[in-house]
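Engineer: Here it is: the structure, laid out below.
The values are calculated or read from the model by the stated rules, or taken from the named source; none is laboratory data. Nothing here was measured: the structure is a model prediction, and the numbers come from that model. Here the Cβ is made from the backbone with ideal geometry for all residues, glycine too, and neighbour counts use every protein chain on show.
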Amino acid sequence: MKWMKNAKTYTPPDFAVIRDDERCIRCKACVEQCSFDATFYDEDLDKVWNWEAKCVGCDRCAAICPVEAITIKKRETPYRYNYSWYGHIDGLKKRAAFGGTPVVSMGNDKPYPVYWDHMLLNASQVTNPSIDPLREPMELKTFLGRKPDFVEFKKDGSLKTKLTPQIELNIPIMFSAMSYGALSYNVIESLGKAAQEVGTFYNSGEGGLNKDHYKFKGNVIVQVASGRFGVHKPYLDVGSAIEIKIGQGAKPGIGGHLPGEKVSQTISETRMMPEGSDAISPAPHHDVYSIEDLRQLIYALKEATEYTKPIIVKIAAVHNVAAIASGVVRAGADIISIDGFKGGTGASPQIVRDNIGIPIELALAVVDERLRQEGIRQQVSIIAGGGIRCSTDVVKAIALGADAVYIGTAALLAIGCTMCQQCHTGKCAWGISTQDPHLSKRVNPDIASEKLINLLNVWALEIKEVMGAMGINSIESLKGNRLNLRAVGLSEKDMEILGILPAGE
Ligand code: SF4
Ligand code: SF4
């Protein structure tokens with residue numbers, strides 16, 4: 001035996017690794033592939049062992065085992081069931097053992113209601129006939145940016161109204177902000193390739209843009225966050241739109257932290273900071289303490305890019321999100337991105353991820369409604385993100401008032417992520433959220449981009465199918481069309497906030 005429990009810090013393992021010793025051919029692939037050191041080979045006994053306390057349930061070993069000898073199972077808590085304490089005992093013991101607050105990654109996994117699953121879509125019957133998307137044209141193209149209240153034409157028929165810059169999406173789905181640093185080089189490469197192929201955008205996140213990825217100009221949104229990592233004129237020029245990150249759904253009200261271990265030489269060059277030092281993004285932008293300050297930053301970025309790009313302001317879904325959004329529009333933003341509390345993160349204190357913010361469905365509904373009431377909805381496009389899991393979530397989000405959506409977790413799942421929530425460790429066994437060159441090679445950008453393209457294309461087909469059933473042939477006609485949504489199992493108040501009727505009415 002080459003391991004021994006540390007009685008002082010021991011907490012019961014979350015997973016059981018069941019290995020069929022009869023089947024195992026001792027190829028040691030699982031030993032080589034486990035980046036969490038949870039598997040090892042004992043030469044004396046000619047046996048492969050597991051240290052279950054280290055297993056994170058990433059499933060890499062089971063996927064890689066050539067003879068299907070491994071099964072990973074969630075272990076039940078060994079403690080006597082107690083309704084009040086269930087889910088708190090391990091967390092309490094970990095804090096006591098390690099003396100720190102647990103850091104986690106990916107999205108909030110607590111059993112809060114998922115409102116998407118309580119909304120059903122309409123279908124045409126008899127009148128307003130349905131549309132067959134295979135035989136009739138369906139338009140998924142959408143434009144994001146400030147729209148004029150009306151347009152004027154010259155005598156020769158050409159447009160007199162000067163339009164503000166827009167970005168054009170072939171489908172109303174983009175890849176959300178995920179930085180180079182949080183994600184490996186190959187993943188960024190895959191996102192860029194897929195966005196280019198499909199005709200949509202990926203978002204650089206707050207980590208700047210590696211020079212190699214300037215080739216994705218035309219399909220990249222660049223982010224300006226509080227840390228201002230890697231922000232300079234050529235960076236802004238590469239972006240088709242610039243996103244000011246004020247908040248993030250998974251961790252509203254706090255900043256970001258990329259541990260020094262992940263700040264490799266290329267990350268340090270991209271972020272313009274010393275190699276090996278922690279990249280700390282403060283909670284607030286140190287020049288933004290009011291809507292007026294935000295306006296200054298928006299117009300500074302517009303000036304710097306000669307008014308050629310729309311400016312996105314990303315906010316987290318929080319309690320007074322509608323009022324905040326109204327202020328953001330009045331500050332001059334062309335697009336608002338609202339990030340719900342189910343959104344992912346590369347690293348966040350667990351208490352923040354699991355307890356702060358509100359669901360995107362409610363936030364989106366109130367923002368759209370408030371901007372309509374104030375007569376300023378046309379002045380801004382809305383992107384909804386943080387919890388979009390499938391094509392019908394996209395349809396429901398657009399019917400609730402979004403112009404487009406951001407997907408992050410869904411994109412990572414498509415290329416191999418198993419949601420083990422260990423992104424913050426930098427040891428991602430699937431090569432996704434890591435800067436370890438050995439692990440990063442596990443993502444092949446050609447294969448990963450193909451999977452992302454497949455996902456987006458299939459979702460596009462499904463969206464057309466659903467829209468066709470509703471008798472709607474364009475995304476424009478679906479936007480804010482809440483009459484096509486009905487609630488099941490929601491309270492009167494929920495329905496009032498969502499602005500939808502109960503099923504049956
Ligand atoms: S990968 Fe499978 S066959 Fe190879 S050592 Fe591990 S359990 Fe045995
Ligand atoms: S990206 Fe990697 S570490 Fe993060 S949840 Fe997915 S598989 Fe786990």
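Engineer: Select, from I376, I358, the only residue that is hydrophobic (A, V, I, L, M, F, W, C) and under 15 Å from H319 (Cβ atoms).
Structural biologist: I358
Engineer: Something else: For the stretch 407-460, give me each residue that is away from ligand 2 (no atom under 15 Å from the Cβ) and either touching a Phe, Trp or Tyr at 6+ places or on another chain (Cβ under 8 Å) or among the hydrophobic types (A, V, I, L, M, F, W, C) (or both).
Structural biologist: Within the stretch 407-460, I447, I453, L455, L456, V458, W459, A460 meet the criteria.
Engineer: Within the stretch 27-47, track down each residue that is part of a helix (DSSP H, G or I) and of a type outside the set (D, E, K, R).
Structural biologist: A29, C30, V31, Q33
Engineer: Quick test of your reading of the structure: D403 fulfils all but one of (1) of a type in the set (D, E, K, R); (2) surrounded by fewer than 23 Cβ atoms within 10 Å (Cβ to Cβ); (3) away from ligand 2 (no atom under 16 Å from the Cβ); (4) within 21 Å of the chain's Cα centre (by Cα). Name the failing condition by number.
Structural biologist: Condition not satisfied by D403: (2).
Engineer: Do the conditions hold for Y202, that is, is it among the aromatic types (F, W, Y) and buried (at least 21 other Cβ atoms within 10 Å of the Cβ)?
Structural biologist: Taking the combined requirement at face value, the residue satisfies it.
Engineer: Do we have E32 as surrounded by 10 or more Cβ atoms within 10 Å (Cβ to Cβ), within 28 Å of I415 (Cα to Cα), acidic (D, E) and in contact (Cβ under 8 Å) with a residue 24 or more places away in the chain here? I'd like the intermediate steps shown before the answer.
Structural biologist: Numbers: surrounded by 10 or more Cβ atoms within 10 Å (Cβ to Cβ): yes; within 28 Å of I415 (Cα to Cα): yes; acidic (D, E): yes; in contact (Cβ under 8 Å) with a residue 24 or more places away in the chain: no.
It is false that E32 is surrounded by 10 or more Cβ atoms within 10 Å (Cβ to Cβ), within 28 Å of I415 (Cα to Cα), acidic (D, E) and in contact (Cβ under 8 Å) with a residue 24 or more places away in the chain.
Engineer: Being outside any strand (DSSP E or B), closer than 29 Å to D393 by Cα and either touching a Ser or Thr at 6+ places or on another chain (Cβ under 8 Å) or at pLDDT below 90 (or both) is the filter here; which residues of the stretch 150-169 pass it? Break it down into steps so the answer makes sense when it comes.
Structural biologist: As a first pass, look at the stretch 150-169 and keep what is outside any strand (DSSP E or B): 150-152, 154-158, 160-166.
Among the residues that remain, those that are also closer than 29 Å to D393 by Cα are: 165-166.
The one that is outside any strand (DSSP E or B), closer than 29 Å to D393 by Cα and either touching a Ser or Thr at 6+ places or on another chain (Cβ under 8 Å) or at pLDDT below 90 (or both): P165.
Engineer: Considering only residues that are at pLDDT 95 or above and among the aliphatic types (A, V, I, L, M), look in the stretch 111-127 and name the one that is surrounded by the most Cβ atoms within 10 Å (Cβ to Cβ).
Structural biologist: Top of the filtered list is M119.
Rundown of residues vs (1) within 16 Å of ligand 1 (Cβ to nearest atom); (2) small (G, A, S); (3) modelled with pLDDT of 95 or more; (4) in a loop (DSSP other than H, G, I, E, B), yes/no style:
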| residue | (1), (2), (3), (4) |
| --- | --- |
| I398 | no, no, yes, no |
| V405 | no, no, yes, no |
| L413 | no, no, yes, no |
| T418 | no, no, yes, yes |
| H424 | no, no, no, no |
| C428 | no, no, yes, yes |
| H438 | no, no, yes, no |
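Engineer: Out of I360, I356, I388, which single residue is more than 14 Å from the chain's Cα centre (by Cα) and in the same structural domain as K245 (by TED's automatic domain parsing)? Walk me through it before giving the result.
Structural biologist: Numbers: I360 fails: more than 14 Å from the chain's Cα centre (by Cα); I388 fails: more than 14 Å from the chain's Cα centre (by Cα).
One residue alone meets the criteria, I356.
Engineer: E269: at pLDDT 95 or above and not hydroxyl-bearing (S, T, Y), yes or no?
Structural biologist: Details: at pLDDT 95 or above: no; not hydroxyl-bearing (S, T, Y): yes.
Spelling it out, it is not the case that E269 is at pLDDT 95 or above and not hydroxyl-bearing (S, T, Y).
Engineer: Oh, and also: When you look at S130, is it at pLDDT 90 or above, over 23 Å from L413 (Cβ atoms), part of a loop (DSSP other than H, G, I, E, B) and not assigned by TED's automatic domain parsing to the domain that holds Y406, yes or no?
Structural biologist: Working: at pLDDT 90 or above: yes; over 23 Å from L413 (Cβ atoms): yes; part of a loop (DSSP other than H, G, I, E, B): yes; not assigned by TED's automatic domain parsing to the domain that holds Y406: no.
Spelling it out, it is not the case that S130 is at pLDDT 90 or above, over 23 Å from L413 (Cβ atoms), part of a loop (DSSP other than H, G, I, E, B) and not assigned by TED's automatic domain parsing to the domain that holds Y406.
Engineer: Here is a follow-up. Across the stretch 48-98, which residue is farthest from ligand 2 (Cβ to nearest atom) among those that are in a loop (DSSP other than H, G, I, E, B) and aliphatic (A, V, I, L, M)? Give the derivation first.
Structural biologist: From the stretch 48-98, those in a loop (DSSP other than H, G, I, E, B) are 51, 55-59, 65-69, 75-88; that's our starting set.
The next check asks that each one be aliphatic (A, V, I, L, M); those that pass are 56, 67, 69.
Details: V56: 7, V67: 23, A69: 21 Å.
My answer is V67.
Engineer: Just to be sure, is P234 surrounded by fewer than 22 Cβ atoms within 10 Å (Cβ to Cβ), modelled with pLDDT of 90 or more, in contact with a helix residue (DSSP H, G or I) (Cβ under 9 Å, 6 or more places away or on another chain) and not in a helix (DSSP H, G or I)?
Structural biologist: Answer is no for this residue.
Engineer: Would you mind finding the one in N50, N108 that is surrounded by 13 or more Cβ atoms within 10 Å (Cβ to Cβ), outside the structural domain of N219 (by TED's automatic domain parsing) and out of contact with any Phe, Trp or Tyr (no Cβ under 7 Å at 6 or more places or on another chain)?
Structural biologist: Testing whether each residue is surrounded by 13 or more Cβ atoms within 10 Å (Cβ to Cβ), outside the structural domain of N219 (by TED's automatic domain parsing) and out of contact with any Phe, Trp or Tyr (no Cβ under 7 Å at 6 or more places or on another chain) leaves just N50.
Engineer: Then there's this: List pairs: first in the stretch 189-211 and on the phi > 0 side of the Ramachandran plot, second surrounded by 24 or more Cβ atoms within 10 Å (Cβ to Cβ) and among the charged types (D, E, K, R), Cβ under 7 Å, 6+ apart or cross-chain?
Structural biologist: Between residues of the stretch 189-211 that are on the phi > 0 side of the Ramachandran plot and residues that are surrounded by 24 or more Cβ atoms within 10 Å (Cβ to Cβ) and among the charged types (D, E, K, R), the close pairs are G208/R271.
Engineer: Could you please find all residues in the stretch 55-74 being surrounded by 15 or more Cβ atoms within 10 Å (Cβ to Cβ) and away from ligand 1 (no atom under 13 Å from the Cβ)? Break it down into steps so the answer makes sense when it comes.
Structural biologist: Of the stretch 55-74, the ones surrounded by 15 or more Cβ atoms within 10 Å (Cβ to Cβ) are 55-65, 69-70, 72.
Within the stretch 55-74, C55, V56, G57, C58 qualify.
Engineer: From I463, I388, I497, grab the single residue that is touching a helix residue (DSSP H, G or I) at 6+ places or on another chain (Cβ under 8 Å), more than 16 Å from ligand 2 (Cβ to nearest atom) and outside any helix (DSSP H, G or I).
Structural biologist: I388
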